[in-house]
Each structure stands twice: as structure tokens, then as C-alpha cells.
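These notes concern the structure reproduced below.
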Amino acid sequence: MKILVINAGSSSLKYQLIDMETEQLMAKGLCERIGIDGHLKHSPLVGGKPVFDEDISLPTHSEAIAAVIDKLTSPEYGVVASMKEIDAVGHRVVHGGEKFASSVLINDEVMAALEDCTPFAPLHNPANITGINACKAVMGDVPMVAVFDTAFHQTMPGKAFMYAIPYEYYKNDGIRRYGFHGTSHRYVSSRCAELMGKPIEELKIISCHMGNGSSIAAINGGKCVDTSMGFTPLVGLPMGTRCGDLDNGVVQFLMNKYGYSIDEMLNILNKKSGVLGVSGVSSDFRDLDKAAAEGNERAALALDMFHYWVAKVAGSYVAAMNGVDAIVFTAGVGENSKETRAAICQYFGYLGVKVDEAANSKRGEDVMISTPDSPVKVFVIPTNEELVIARDTRDIVG
Ligand code: ADP
């Protein structure tokens with residue numbers, strides 16, 4: 001069975017074709033600037049075919065999907081003979097609200113429910129829906145599955161997901177913590193259990209997804225019991241450009257003082273804050289490491305804040321779960337920055353965590369970076385959200 005995984009954004013579309021017999025990645029690619037002009041980078045990963053990397057006209061997502069199918073099946077760049085070889089499509093969908101606690105086969109009823117979830121993710125869900133509709137238009141009745149970023153967090157208890165505001169806002173409007181990066185947290189926590197050789201039901205795991213956007217999840221017995229992102233992905237840790245937790249009074253103060261509209265204010269909090277805002281240097285941790293090493297104090301402060309917040313939130317999850325067996329680092333920063341991991345682990349002395357420096361220097365593989373005598377194990381596990389989407393799609397489509 002071959003599954004096409006689609007992650008549609010407002011002007012971009014990422015894809016992977018995965019052969020589920022071997023879980024081998026056959027091709028991957030990215031359509032960019034959809035609706036503006038258009039560019040496609042398509043990388044075949046089997047059969048020794050060349051990479052296609054050119055500007056092409058992509059007025060809408062439908063042309064983008066058509067271009068992807070064309071490349072996947074072309075004699076020159078293709079990895080399959082025809083579209084018939086693609087058995088199913090798995091779509092990443094950002095927000096499933098309270099309706100979707102797991103992945104689901106897409107039908108008309110599901111499409112209507114996705115529309116209902118759109119107010120919760122007004123930038124992301126419409127793009128995901130557009131991607132699904134474009135696939136339907138181009139691929140006809142190939143079965144399709146929706147896999148939600150929020151679904152894994154639906155096991156959180158009320159005490160973790162409720163906000164302490166009048167209850168009717170939850171009941172009438174669905175205002176609550178939903179959490180994001182669920183597919184990643186699910187993948188790395190189950191992989192962590194495999195690496196530990198124990199059933200996930202017996203483990204308390206803290207998963208730290210640290211990329212451009214960052215979130216932490218507390219996973220007790222395989223079920224998410226808390227996570228740091230909330231109603232939106234804006235809260236929790238300070239991120240590349242997002243502010244993380246912030247006193248709401250600051251919003252009122254700044255809007256009054258500078259006359260910002262709510263959109264201007266949210267743009268500052270989403271795009272100009274986080275480690276970029278504090279450092280004034282960059283949202284990219286590589287630039288921050290370099291600047292801090294060269295003596296830039298604000299870059300050093302931004303990094304210190306990030307390490308501190310990861311440790312602080314993770315520590316609160318040790319309390320929430322009454323213990324922890326393993327801590328996992330993943331995503332761009334978590335997988336690549338040994339300095340960040342080492343700095344965060346410094347805070348875990350109270351757990352007896354000891355970092356094995358040689359292991360912490362490895363890259364690109366699943367690795368335990370704590371010493372064998374460390375009572376709490378620490379892992380680096382490269383995330384693979386596309387594989388989870390493909391596996392769910394296979395399981396649902398059968
Ligand atoms: P996204 O949230 O966009 O999916 P990623 O998980 O791809 O983000 O992470 C992107 C971030 O990873 C970059 O902003 C960069 O800061 C960080 N990163 C990548 N490589 C390194 C590295 N070698 N050292 C430190 N940070 C890195």
C-alpha cells in the first residue's frame with residue numbers, strides 16, 4: 001500500500017509518498033507560493049531519478065496537487081507508474097476541536113465538522129480543507145484520512161484543559177486548552193517506550209517538541225494529561241517568534257499606550273516576540289548560539305529564558321504525573337542543538353539526570369543521552385509526523 005501524506009498551508013503544500021510495506025519514503029516535496037506565482041521542489045528518493053526544482057504556475061491548490069501527481073507519475077521524475085498506485089491520502093489537519101479525539105476517514109459529515117472547527121484555527125484549518133478539496137478534485141474517490149494536531153491531547157482531564165474563566169465560555173464557545181503538535185508527541189512517546197523496551201502503559205514521559213514552535217506534553221501511560229500550548233499555539237514556552245505565556249494585562253496596556261488594533265497586537269505576539277523579540281537577533285537558535293558565543297547579552301538572555309521555561313514546564317509535569325521515567329527532546333532545536341539539551345538537563349539535577357556527553361553529540365538518530373545509571377532516562381528522538389499520518393491512514397483505510 002502506498003500512501004500520499006499532504007500538509008497543506010495557505011500558500012504551500014508539503015507532501016510525502018510512503019510505501020507502507022517497508023515504511024520507505026519514496027518521494028517528498030514542497031509546493032510554494034500557491035496563488036502568487038508558484039514553485040515546486042520534488043525529490044524522488046527511489047529509482048535514482050533527478051530532483052525537480054522549478055518555478056511553475058500554481059494559481060490554486062488544485063494545480064499544486066495536479067503538479068505533484070504529475071511529478072510522482074512522470075517517466076522522468078516519477079516513482080510510481082500511475083495515480084492508481086496511490087491507495088490513500090492522509091491529510092494533516094491542525095484543529096479537530098473536541099469532535100476528533102483520533103484520526104478519521106474523510107466523508108461529507110467530517111468535512112462539515114472540519115468547517116465547524118475553523119473558528120478555532122482560522123489561518124490553518126481553511127488551508128487544510130482547501131488541500132482536501134483539491135485532492136478530491138484531482139484524485140477522485142481515493143480514500144482520504146484526516147489526522148489532527150489536537151487529537152492526541154483530547155485525553156487531558158478537565159483540571160488540565162479548563163481555563164478559570166466563566167464556565168459558559170467553555171460550554172457555549174469551546175474555549176479551553178486544546179494543545180498542538182499532538183502527532184509529534186504521540187510519535188516520540190511511543191518510540192520512547194519502544195526504545196526503553198517497556199509497555200507505554202507503564203511509563204510517565206515528558207515530551208519536549210522544540211522547533212520554531214515549541215510545546216511540551218505530559219504523557220502518563222500513553223495518554224496525554226497536560227500540554228503547554230492552549231486554545232491557540234501562542235502560549236506556553238517562549239518560541240522562535242511567539243511570546244508564550246503572557247499576562248493578559250500586558251495586552252491591554254500596550255494596546256492602550258500605542259493604539260494597536262487587536263490584529264497588530266497579535267501580530268507582535270505571534271511574529272515579533274519569543275527569542276527573536278528578546279534577542280533582537282533572530283528566531284533561529286543557530287544564530288542565537290553564535291551571537292551569544294560572541295558576547296551578545298540579549299541573545300544569551302533569550303536562550304536562558306528558553307532553557308528555563310522548558311525546565312519549569314517539564315518540572316510542573318513531574319508534579320502533575322507524580323514522577324517521570326523519561327524525557328524526550330525532538331524537532332529542529334531538540335534534535336540538533338546539543339547545547340540546548342545540555343543546558344536544559346542542568347535543571348534536572350533534582351531528578352538525578354546525568355547527561356552522557358558523547359551520546360549527546362550524536363545527530364540524526366534515536367539516542368539515549370542520559371548515562372545508564374541515570375534514574376530518569378533522556379532521549380533524542382527525531383520526530384516523524386508524516387509516518388504517523390501514513391500509519392493512521394493505512395489502519396483506517398485498511
Ligand atoms: P517548525 O516548527 O517550523 O517545524 P523545526 O522543527 O523544523 O520547526 O525547527 C526549526 C528550528 O530548528 C530552526 O528555527 C532552528 O532554530 C532550529 N535548528 C535547526 N538546526 C539547528 C542546530 N543545528 N542548532 C540549533 N538549532 C537548530
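Here Phe329 does not fit the description of being within 12 Å of the ligand (Cβ to nearest atom), among the aromatic types (Phe, Trp, Tyr), open to solvent by less than 50 Å² (accessible area, probe 1.4 Å) and touching a Leu at 6+ places or on another chain (Cβ under 8 Å). Residues of region 193-205 that are β-branched (Val, Ile, Thr) and either within 16 Å of the ligand (Cβ to nearest atom) or on the phi > 0 side of the Ramachandran plot (or both): none at all. Could you list, in sequence order, all residues of region 206-255 that are surrounded by fewer than 18 Cβ atoms within 10 Å (Cβ to Cβ) and within 12 Å of the ligand (Cβ to nearest atom)? Scanning region 206-255 gives a single hit, Asn212. Within region 70-84, is there a residue that is within 30 Å of Tyr178 (Cα to Cα) and open to solvent by less than 60 Å² (accessible area, probe 1.4 Å)? Within region 70-84, none of the residues are within 30 Å of Tyr178 (Cα to Cα) and open to solvent by less than 60 Å² (accessible area, probe 1.4 Å). Summed over region 161-205, residues that are open to solvent by less than 10 Å² (accessible area, probe 1.4 Å) and either of a type in the set (A, V, I, L, M) or free of Cβ contacts under 8 Å to residues at least 40 places away in the same chain (or both) total 4. Taken over region 134-160, the criterion of being of a type outside the set (A, V, I, L, M, F, W, C) and either surrounded by 13 or more Cβ atoms within 10 Å (Cβ to Cβ) or free of Cβ contacts under 8 Å to residues at least 60 places away in the same chain (or both) is satisfied by Lys136, Gly140, Asp141, Pro143, Asp149, Thr150, His153, Gln154, Thr155, Gly158, Lys159. Scanning region 1-32 for residues that are surrounded by fewer than 16 Cβ atoms within 10 Å (Cβ to Cβ) and modelled with pLDDT of 95 or more yields Met1, Glu21, Thr22, Glu23, Gln24.
Considering (1) in contact (Cβ under 8 Å) with a residue 40 or more places away in the chain; (2) within 24 Å of Val225 (Cβ to Cβ); (3) in a helix (DSSP H, G or I); (4) over 21 Å from the mean Cα position of the chain (by Cα), the lone condition that Ile344 does not fulfil carries the number (4). Of all the criteria given as (1) within 16 Å of the ligand (Cβ to nearest atom); (2) open to solvent by less than 10 Å² (accessible area, probe 1.4 Å); (3) within 26 Å of Asn384 (Cα to Cα), the one not satisfied by Ala302 is (3). The C-beta contact set for region 270-291 (first residue more than 10 Å from the ligand (Cβ to nearest atom), second residue of a type in the set (Asp, Glu) and open to solvent by 40 Å² or more (accessible area, probe 1.4 Å), distance under 6 angstrom, 6+ apart or interchain) comprises Val281/Asp287.
Scanning region 347-398 for residues that are surrounded by 17 or more Cβ atoms within 10 Å (Cβ to Cβ), of a type in the set (Ser, Thr, Tyr) and in contact (Cβ under 8 Å) with a residue 40 or more places away in the chain returns Thr383, Thr393.
Within region 305-315, the set of residues being in contact (Cβ under 8 Å) with a residue 40 or more places away in the chain and either hydroxyl-bearing (Ser, Thr, Tyr) or open to solvent by 10 Å² or more (accessible area, probe 1.4 Å) (or both) comprises Met305, His307, Trp309, Val313.
Residue count for region 114-144, restricted to those that are farther than 24 Å from Glu98 by Cα and part of a helix (DSSP H, G or I): 6. Across region 238-276, what is the number of residues that are of a type outside the set (D, E, K, R) and more than 22 Å from the chain's Cα centre (by Cα)? Count: 15.
The values are calculated or read from the model by the stated rules, or taken from the named source; none is laboratory data. Everything numeric in this text was worked out from a predicted model, so none of it was measured. Positions of Cβ are backbone-derived with ideal geometry, glycine not excepted, and every protein chain shown enters the neighbour counts. Ligands, DNA and RNA are excluded from the accessible area calculation, which covers all protein heavy atoms including side chains. Shrake-Rupley method; radii C 1.70, N 1.55, O 1.52, S 1.80 Å.
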